[in-house]
Amino acid sequence: MIKYILMAVLFFIALSIGAIMSGKYRRRANFFKALVLICQKLNVEISFSRERLKTLLTSFDDKTKAQLCGLTENYLSFIEKESPLDKQSLFKGITFLKEEEKDLIFLFFRSLGRSDVDSQSKELKNFETRFDDMVSSAVKDNKKYGAMSMKLGIVAGLAAIILLI
């Protein structure tokens, strides 16, 4: 009886590890999709309503904020002068990004509100294009490695069960 419980626990642990690894790729793809949405919304709002940046960043829906894993909140704390704008404080709690992706996103947030409306609009379109490329790459990685991680978790769990039998 204990042997069967141990097998079930090992299978569940291996499956959970696979799901966690798969979730990393899914979060990364959703993160970049949300960044593209931010670029689009900021471009429209800056061009037409000329609303303050802080107001625009707080107006995003909860789903988009959740997909950004606290990035906008970290940036808003910089705007409110609670913390300096450095990579560590901006990406606090975000572990699934590559270093070059962090560099580009840091450059994006550092450039917000630093130029006139026309220049800012052009910069936002440029960043949107670059983030779109990252979305394509992240979605491809999610399809490739996300599914593989789940399958690997299942196989590892089954291998553990077979070893116990």
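Within the stretch 134-160, the residues that satisfy the criterion of being within 26 Å of Ser47 (Cβ to Cβ) and touching a helix residue (DSSP H, G or I) at 6+ places or on another chain (Cβ under 6 Å) are Met134, Val135. What do you reckon, is Gly23 within 14 Å of the chain's Cα centre (by Cα) and either open to solvent by 20 Å² or more (accessible area, probe 1.4 Å) or at pLDDT below 80 (or both)? No, not satisfied.
Sub-7 Å Cβ pairs linking a first residue in the stretch 143-165 that is within 18 Å of Ile5 (Cβ to Cβ) to a second residue that is loosely packed, with under 15 Cβ neighbours inside 10 Å, at least 6 apart or interchain, are Leu164/Lys3; Leu164/Leu6, ordered by first then second residue. Candidates are the residues of the stretch 94-134 that are open to solvent by 20 Å² or more (accessible area, probe 1.4 Å), among the hydrophobic types (A, V, I, L, M, F, W, C) and modelled with pLDDT of 90 or more; the one that is nearest to the chain's Cα centre (by Cα) is Met134.
If you go through the stretch 27-58 and pick out every residue that is surrounded by fewer than 15 Cβ atoms within 10 Å (Cβ to Cβ) and within 19 Å of the chain's Cα centre (by Cα), you end up with 2. Restricting the stretch 79-93 to residues that are in contact (Cβ under 8 Å) with a residue 24 or more places away in the chain and either touching a Ser or Thr at 6+ places or on another chain (Cβ under 7 Å) or open to solvent by 40 Å² or more (accessible area, probe 1.4 Å) (or both) leaves a set whose member that is nearest to Leu53 (Cα to Cα) is Ile79.
The values are calculated or read from the model by the stated rules, or taken from the named source; none is laboratory data. As the structure is a prediction and not an experimental result, all values here were calculated from the model. Heads up, the Cβs are rebuilt from the backbone with ideal geometry, glycines too, and the neighbour counts pull from every protein chain shown. Please note that ligands, DNA and RNA were not included when accessible areas were found on the heavy atoms of the full protein model with its side chains. Shrake-Rupley method; radii C 1.70, N 1.55, O 1.52, S 1.80 Å.
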